[in-house]
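Reviewing the structure listed below.
The values are calculated or read from the model by the stated rules, or taken from the named source; none is laboratory data. None of these values were measured; they are calculated from a predicted model. We place every Cβ from the backbone using ideal geometry, glycine too, and count neighbours over all the protein chains shown. All accessible areas refer to the heavy atoms of the entire protein, side chains included, with ligands and DNA or RNA removed. Shrake-Rupley method; radii C 1.70, N 1.55, O 1.52, S 1.80 Å.
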Amino acid sequence: MGSKKKISVPAKLINGGVAGLVGVSCVFPIDLAKTRLQNQQGQGVYTGMRDCLVKTLRSEGFFGMYRGAAVNLTLVTPEKAIKLAANDFFRQLLSSDRKELTLVREMLAGCGAGACQVVVTSPMEMLKIQLQDAGRLAIHQQKVLGPDGPTAPFSQPPQDRPYTTGTASAFKRPSATVIARDLLKTQGLVGLYKGLGVTLLRDVPFSIIYFPLFANINKLGQRHSEEKAPFFHSFVSGCVAGSVAAVAVTPLDVLKTRIQTLKKGLGEDTYNGIIDCARKIWTHEGPAAFMKGAGCRALVIAPLFGIAQGVYFIGIGEYILGYFH
């Protein structure tokens, strides 16, 4: 990317938004399975991704697999728009008069993009996780107590967590609006940004890996430096780079999911920060637990970023702005 080639921020925002909406719509059920598998402690409810999807379909119906999709679809537009546009912005900023960015500068641009996106990513994922995990908690509670067992409080809930307490009857399907309202009422804006630190720890390394890897793979499909790669090549490049980056940061994603889950089932650990979470997972579940949901995560991120980069490089935003202009 040459320094004389200016980027259109509005167009990039539209591209990122459209790409995010299309990608999330396609892979959300797998993302739900990832969240539930990562939250399992000890003898879990599900044996794997397929088992999770089948049981979810049977117990909650087709729309149960899209629990939390509304939050994701609402906020993924600004999230993906910020991420992709910020990467372009930082790449241009760091390119100076050079036609090619060095690997270090590509990584710095990715770092900047990852840091910018968490403004939206952190509250989005915190709300989404509560909705995605509600079905698992209901089955877990029934499994522990039995169908006719007594209602019992969840394990050692901290008093400042409005969604960590309750009985089996409390597993009424939560609402993102209610969760957000109660968190704002009890904890303020800080409540919505629970897990911000670990989200940064996940998203910054992800972007540092993803964007340079994508740029260099995608470059192989360009016949000239100023020419876009074919759509299919950009799609495959996004899939490959996304899956590699996703698997690489899975341990951090497990920590993020556990920390951001507000409601815990009977007998499940609660966590007081990143170090406490990592220590308890290592002690009680072993090192393999840090890779829970790695396959699901790769299956989610690969097509998500493949679609995102494909749409992004088609230039839908430029077309829309050009049409109205």
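Annotations
- Yes/no for ILE274 being open to solvent by less than 70 Å² (accessible area, probe 1.4 Å), at pLDDT below 90 and under 19 Å from the mean Cα position of the chain (by Cα): no
Listed here are the residues, each with its yes/no results for (1) more than 26 Å from the chain's Cα centre (by Cα); (2) more than 29 Å from THR47 (Cα to Cα); (3) modelled with pLDDT under 75.
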| residue | (1), (2), (3) |
| --- | --- |
| LEU84 | no, yes, no |
| LEU94 | yes, yes, no |
| LEU101 | yes, yes, no |
| THR121 | no, no, no |
| LYS128 | no, no, no |
| ALA152 | yes, no, yes |
| PRO157 | no, no, yes |
| ALA168 | yes, no, yes |
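- Pairs, first in contact (Cβ under 8 Å) with a residue 24 or more places away in the chain and more than 11 Å from TYR66 (Cβ to Cβ) in the range 22-35, second among the acidic types (Asp, Glu) and part of a helix (DSSP H, G or I), C-beta under 7 Å, six or more apart: THR35/ASP133
- In the range 102-115, residue farthest from ILE82 (Cα to Cα) [restricted to those that are of a type in the set (A, V, I, L, M, F, W, C) and surrounded by 20 or more Cβ atoms within 10 Å (Cβ to Cβ)]: ALA109
- Scan of the range 60-69 for residues that are surrounded by 14 or more Cβ atoms within 10 Å (Cβ to Cβ) and out of contact with any Pro (no Cβ under 8 Å at 6 or more places or on another chain), ordered by number: GLU60, GLY64, ARG67, GLY68, ALA69
- Remark: VAL54 matches the filter, which requires a residue to be β-branched (Val, Ile, Thr), modelled with pLDDT of 85 or more and under 26 Å from MET291 (Cα atoms).
- Selection from the range 277-320 of residues that are open to solvent by 20 Å² or more (accessible area, probe 1.4 Å) and β-branched (Val, Ile, Thr): THR283, ILE307, ILE314, ILE316, ILE320
- Condition broken by GLY267, with the remaining ones in (1) open to solvent by less than 50 Å² (accessible area, probe 1.4 Å); (2) in contact (Cβ under 8 Å) with a residue 12 or more places away in the chain satisfied: (1)
- Members of the range 217-250 found to be surrounded by 19 or more Cβ atoms within 10 Å (Cβ to Cβ) and either among the polar types (S, T, N, Q) or closer than 16 Å to ASN39 by Cα (or both), listed by number: ASN218, SER234, SER237, SER243, THR250
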